[in-house]
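**Q** First the structure, which I've put down as structure tokens, then a few questions once you've had a look.
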Amino acid sequence: MTGAAGPPLAGATGGYGFTVPVLRLGDVLLVTLQGELHDGMAEQLQHDITSRIAGSRVTGVVIDISGVDIVDSFLGRVLAEIAAGAGLLAARTVLAGMRPAVAITLVELGLTLPGLRTALDVERAMELLTGDPRDGERSP
Amino acid sequence: MHVSVSEETAEQQPAAHQVSAFLERRREQIAQRWADAALFRTVFTVSRDEAVEAGRAVAAALAAVAASGRLEDIRAAGFEAVRDQLGRMAASRARTGTDPDGVAREVAALREPATELLRAEFDDPNGREALECVVALTALMGTLRLVVMETTVSAGEEVIARQREQLHEVATPVIKLWESTVAVPLIGTLDSARSQVVMESLLDAIVAERARFAILDITGVPTVDSLVAQHLMKTVAAARLMGAECIVSGIRPAIAQTIVHLGIDLGSVLTRASLADALAYALSRQGVEIAPLRTADPAADAGVR
């Protein structure tokens, strides 16, 4: 049970001296991305998240990208991979707080991130993961 | 290029200078004659003095252009002084329902009085010198006509551009239908520029209203082809990325058939027949139900009615 008893903050430095915090809030992991995510950091973050899920009884992951100005195909792929990895460990991933400009750019690039759940902000994402289970199954 | 132009102007110089001198000398008479011409008479209906004043200004501008020797140049500096005035005159004619063709004819009618006066200046109206001057004045009047037309057209283009912008803003309102539910009623053809505006205003509204559901109503869209469908799908995808569920409503039977015939796959898009159905879906997903009020006493119910 490293997630519960271990340090509350696991860092992904990736040699850049910058940390992506992974916070645990009850049954949910909260990851807040800020600015750019480099290759090394992305790899470290993926590893951190999956090991935290495996080591604890986490049922959901919220990735907050409200502080991200640009989402390119690389970050899109990383997010999809994190979601797929979490899915294998029976945790649902929600992408929260995307800005309108980022959404428009992604759609113009053809990156619609299928299979990723989305929410307006972290509050809605937590609602989605902990609240009404009917709301959690968002499919047309 | 530069050399040939200066040579040309040098060649026409004597006639152009004579025309310039004539326009200066006879400005008053020309203005008086023009005040009776259709163009000035119909624009300045209130006072004849005003028409004469405007005629004087135009004649002075023509004299300045002739003096510079650039008879065929609609960008000649001499025209700048009257460009605004000519634009106002052309606009005033356009407001009264005169088409550009009519305005052009009215400007052309200004040539005759001027050339008549010019001929009268010469002892021999059919002499070589007189003819050269008349040709120069005719060229100048032709240029004036072009200046008027150019002013008219550019004014029209400005109006069109401004209206296009207004149309984009006006035609894409985002309406809040319920808590966390917004709708965009789309009216008219959906092109790339408009769909961009729709997408931006919808996403901004999703943030502002904290919307969970966004309804795109295409009742007012006359036709749906593959391009329009692509725009719709993009908007739906962008709304989903923002965490809102998007519903496309108002698909008329004919449009539904067109979509099927074109083989467009809208499988990833949630669709409903009418805006009411879409709203009902959004409400039911939020656990809201709309039902008729039920009162315990049927008599009281009747009394209310």
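**Q** Taking the beta-carbon count within 10 Å as an exposure proxy, list B:42, A:112, B:235 from fewest neighbours to most.
**A** With the sparsest Cβ surroundings first, the list reads B:42, A:112, B:235.
**Q** Report the charge-dipole magnitude of chain B in Debye, nearest 20, computed about the Cα centre from +1 at each Lys and Arg Cβ and -1 at each Asp and Glu Cβ.
**A** Charge dipole, chain B, about its Cα centre: 960 debye, nearest 20.
**Q** OK, next. Any idea what the alpha-carbon Rg over 2.2 N^0.38 Å comes to for region B:19-163? It would help to have the intermediate numbers written out before the result.
**A** On the way: Rg = 15.2 Å, N = 145, 2.2 N^0.38 = 14.6 Å.
Output field value: 1.04.
**Q** Helix B:48-68 versus the longest principal axis of chain B: what is the Cα-based angle in degrees, 0 to 90, to the nearest 10?
**A** Around 70 degrees separate the two axes.
**Q** So how strong a dipole does the protein assembly as shown carry about its Cα centre when Lys and Arg Cβ are +1 and Asp and Glu Cβ are -1, to the nearest 20 debye? Please list the in-between numbers first.
**A** Numbers: 41 positive and 57 negative charges, 243 e Å.
Taking the Cα centre of the protein assembly as shown as origin, the dipole is about 1160 debye.
**Q** Tell me which GluC sites (Glu not before Pro) from region A:34-140 have a DSSP coil assignment and no more than 15 other beta carbons within 10 Å of their own. List each step's numbers first, then the result.
**A** Details: sites: A:36, A:43, A:81, A:108, A:123, A:127, A:137; in loops: A:36, A:137.
Passing both the DSSP loop test and the Cβ count: A:36, A:137.
**Q** Given an 8 Å cut-off on Cα distances and at least 6 residues of separation, report the relative contact order of chain B as a percent.
**A** 12 percent
**Q** Enumerate by residue number the trypsin sites (Lys or Arg not before Pro) in region B:173-224 meeting two conditions: DSSP loop (anything except H, G, I, E, B), and at most 16 other Cβ atoms within 10 Å of the site's Cβ.
**A** Within region B:173-224, the qualifying trypsin sites (Lys or Arg not before Pro) (loop, at most 16 other Cβ atoms within 10 Å) are B:210.
**Q** With the cut-off at 1.5 for a/c, could you classify region A:2-131 from its C-alpha gyration tensor as rounded, prolate or oblate?
**A** Verdict is oblate for region A:2-131.
**Q** Add -39500 (n - 2.57) for each DSSP H run of 4 or more in chain B, then divide by its residues: what number comes out at 222 nm, to the nearest 500 deg cm²/dmol?
**A** The per-residue figure over chain B is -21500 deg cm²/dmol.
**Q** In addition: If you take all C-alpha pairs in chain B, what percent of them are over 32 Å apart?
**A** 55 percent
**Q** Could you work out, residue by residue across B:266-277, how many beta carbons of other chains sit within 10 Å of that residue's beta carbon, and then give the average as an integer?
**A** Neighbouring Cβ atoms belonging to other protein chains average 1 per residue here.
**Q** Does anyone have the angle between helix B:128-170 and the longest principal axis of chain B? Alpha-carbon axes, 0 to 90°, nearest 10?
**A** 10 degrees
**Q** Ok, one more. List the residues, sorted by chain then number, that are 5 or more residues from residue A:94 or on another chain and whose placed amide H is less than 5 Å from its amide H.
**A** Excluding prolines and chain starts, which carry no amide H, the hits are A:61, A:62, A:63.
Only the coordinates and a few stated rules stand behind these numbers; no lab work does. Since we're looking at a predicted model, the values are computed, not measured. Cβ coordinates were reconstructed from backbone atoms using ideal geometry, including for glycine residues, and neighbour counts include every protein chain displayed.
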